[in-house]
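See structure below.
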Amino acid sequence: MARLDPKVAAVTDRIIERSKPSRSTYLKLIADEAERGISRPRMSCGNFAHGFAAAGEDKEAIRGMRGPNIGIVTAFNDMLSAHQPYYRYPEQMKVWAREVGATAQVAGGVPAMCDGVTQGQSGMELSLFSRDVIALSTAVALSHGMFDGVAMLGICDKIVPGLLIGALRFGHLPALLVPAGPMPSGLANKEKQRVRQLFAEGKATKEELLAAEAASYHGAGTCTFYGTANSNQMMMELMGLHVPGSAFVNPGTPLRQALTRAAVHRIADLSAKRERPLGLVVDERAIVNATVGLLATGGSTNHAIHIPAIARAAGIVIDWEDIDRLSDAVPLIARVYPNGSGDTNDFHHAGGMEFVAHTLVEHGLLHGDILAAGADEFAAFASRPSLDGDALRWDGVTQSSNPDMLRPASDPFLPDGGMKLVKGNLGRAIFKTSAVDRERWTIEAPCRVFHDQNQVVDAFKAGELDRDVVVVVRFQGPRANGMPELHKLTPPLGVLQDKGFRVALVTDGRMSGASGKVPAAIHCCSEALGGGPLSKVRDGDMIKLCGHSGTLQVHADLDSREPVPPPPPHIGTGRELFAFMRHGADNAEHGGSAMLAGMDGML
């Protein structure tokens, strides 16, 4: 294993030093929970009897404590393509647990909403806070104290972070995430994007657009573009929270089933031995590994919100300055759509996560000594699983088979990770430069201000944006409306850029890993609601966004202006139920969470 890169080491040390008080408190919590917390041996007979009353053939084993009992927390639903394969997992996992003298029970279910379905719809305003609901639901599931280990079934955007945040409050237990894999490739993403843009220009019909979308999203499994869901899977591998090589094996294959069986056997073994509890596995080094992987592969900017939230649940403090410094140290080694032409399946076939782990460790960019849960040594994550008859085997992956998609760290696509912190008198924001042509890293133009992405689309259709322009969309932060993703903006802004105009987006909302080719300063902090700088911007103000210098600046005297009042809060689609979360939410750099904000002083 190579010596750790000095810049990566420096950021890790910075995080460790900053986190000492909260991490110490967290580690004491999980130590106390292990020693005195609720568990089967400490239950009253009445409590315990309720816990195994309906356990069927596992009833006597659970009652007699003959081996560990695994709590399954599942995000199954059959509307969400990524989670539809989980339907049969619990009954299969119970069989596989019995093979090694363990038992398993479904501890509880968590909601699993699909951003792909709610994108641009009112339901998208529930999306970010669904992560808090998932974390709370996970805590409710595990609060029964019936379990010696945890298996989490979840893949997509807010679901993996939510499961992990909730499980970390039970960090004295060993835990693994069990993925289900991406759907096979359908219509090429570039072709889908082409049809979307034609539709935005009025050159394709709605039926043609629907046909393209249905040919792309066509079956069970995760969407194949490299957005937040697949970035989740990458991060879990590099944190050691999967059985190695599990991330991108397609659903319904013998290999996928074998990997799920191996995950059950692994968590049963860890639970029996009381080894590698989740709270020790998710340490500062694991958080840095997740961040390095995100930068090296051009992953979703949503994780600039999720990584701080996950870390915070384990008593660890990471900020955007840390991510920016790591971005300077970590090269971009993958080009996966929307940052390239091939999809996640192509990435996997080119060498995938196994090659990513190999080359990043080889060049000292990952902590190769983390306490992985899915394998005895982190080196196993540089090996690819396959079936040898009925048995699993792992073989090392040391080369990429497609250098147009995946390269060694010694010969990257870009020398940096392409996720920049930009800041100035408009606050702090994230700029995903890896998706943008370098000649567009600096945009300076008069702005046009909107309070809603639909207003932008209307102005585009009316020809009002046919010029050099910085589009400002404000009152889109966590406290304003739950921070929805603003993907309705991608096609029209892309059209304007293709016409030759110099265009940028500045918003306190989200754009995710699919933000595409238009320069965008997203997640602006402080958000407009409450008097943040964006609330004082006016139409025509000159704004400069620069990825080279890290600048986000408006040429105006904001101190002399009063904030614009926010639009009234939206109701309907259940949004009013989440008002208490909006009112208590932190800013995006702290994770955009009301739940975690409420835990301040208790970590």
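Defining a contact as two alpha carbons under 8 Å apart and six or more residues distant in sequence, what relative contact order in percent does the range 424-578 show?
That works out to 31 percent.
Here the range 11-150 is treated with +1 on each Lys and Arg Cβ and -1 on each Asp and Glu Cβ, and its dipole about the Cα centre works out to around 420 debye.
Cβ crowding within 10 Å ranks Arg88, Arg335, Arg428, Arg575 as Arg88, Arg575, Arg428, Arg335, fewest other Cβ atoms first. In terms of surrounding Cβ atoms within a 10 Å radius of their Cβ, Arg194, Arg474, Arg36 rank from fewest to most as Arg36, Arg194, Arg474. Roughly what % of DSSP beta bridges within the range 420-567 run antiparallel, to the nearest 5? Just about 55 percent of them are antiparallel. Between Met65 and Lys190, the FRET efficiency estimated from the beta carbon spacing at R0 = 56 angstrom works out to 0.50. Taking 0.36 nm per residue of separation and subtracting the current Cα-Cα distance, fully stretching the chain between Arg42 and Lys499 would add 157.6 nm.
Between the residues Gly245, Val282, Thr490, the greatest Cα displacement towards the positive end of the dipole of the chain, with unit charges on the Cβ of Lys, Arg, Asp and Glu, is found for Val282.
Dipole magnitude for the range 420-567: computed about the Cα centre from +1 point charges on Lys and Arg Cβ and -1 point charges on Asp and Glu Cβ, it is near 380 debye. Principal-axis analysis of the Cα atoms of the chain puts helix 284-297 at an angle of about 50° to the longest axis.
Each Lys and Arg contributes +1 and each Asp and Glu -1, all at the Cβ; summed about the Cα centre of the chain, the dipole is approximately 560 debye. How charged is the neighbourhood of Asp600? Take every other residue with its Cβ under 12 Å from the Cβ of Asp600, and add Lys/Arg as +1 and Asp/Glu as -1. Residues close to Asp600 contribute a combined charge of 0. Across the chain, Cα pairs under 8 Å and at least six residues apart give a relative contact order of 15 percent.
Can you find, among Gly56, Leu27, Met43, the residue sitting farthest towards the positive end of the charge dipole of the range 1-121, where Lys and Arg contribute +1 and Asp and Glu -1 at Cβ? The residue sitting farthest along the positive end of the dipole is Leu27.
Between the residues Val449, His523, Leu558, the greatest Cα displacement towards the positive end of the dipole of the range 420-567, with unit charges on the Cβ of Lys, Arg, Asp and Glu, is found for His523. So which GluC sites (Glu not before Pro) in the range 270-358 pass both tests, a DSSP loop state and at most 15 other Cβ atoms within 10 Å of the Cβ? Hits after loop and neighbour filter: Glu275. The convex hull of the Cα atoms of the range 1-69, projected and averaged over all directions, covers 8.5 nm².
Spin-label model, Ser410 to Val140: label points 7 Å out along the Cα-to-beta-carbon direction sit 5.4 nm apart.
What is the calculated FRET efficiency for Glu562 to Asp458, with r their C-beta to C-beta distance and R₀ = 22 Å, to the nearest 0.05?
Here the calculated transfer efficiency is 0.25.
List the pairs from Lys7/Lys544; Lys59/Lys94; Lys461/Lys544; Lys28/Lys273; Lys190/Lys420; Lys517/Lys544 whose alpha-carbon separation is above 23 Å, in the order I gave them. Beyond 23 Å between Cα atoms: Lys7/Lys544; Lys461/Lys544; Lys190/Lys420. A Förster radius of 22 Å, combined with the Cβ-Cβ distance separating Ala34 from Leu371, puts the computed FRET efficiency at roughly 0.90.
Shape of the range 420-567 from its Cα gyration tensor (a ≥ b ≥ c, root eigenvalues): rounded if a/c is under 1.5, otherwise prolate when a/b > b/c, or oblate?
Rounded.
Taking the longest Cα principal axis of the chain as reference, the axis of helix 127-142 is set at about 10 degrees. Per-residue extension of 0.36 nm, minus the Cα-Cα distance of Glu321 and Glu208, leaves a gain of 36.3 nm for this segment. Ellipticity at 222 nm from helices only: DSSP H runs of n ≥ 4 in the chain, each -39500 (n - 2.57), divided by the residue count, give -11500 deg cm²/dmol.
For Ser549, the shell of other residues with beta-carbons less than 11 Å away shows a net charge of +3, using +1 for Lys and Arg and -1 for Asp and Glu. Ordering His83, His583 from the fewest to the most neighbouring beta carbons within 10 Å gives His583, His83. For the chain, the longest principal axis of the C-alpha atoms and the axis of helix 254-273 are separated by about 60°.
Only the coordinates and a few stated rules stand behind these numbers; no lab work does. All figures in this text were calculated on a predicted structure; none of them were measured in a lab. When we count neighbours, we look across all protein chains shown, and the Cβ atoms used for this are built from the backbone with ideal geometry, even at glycine.
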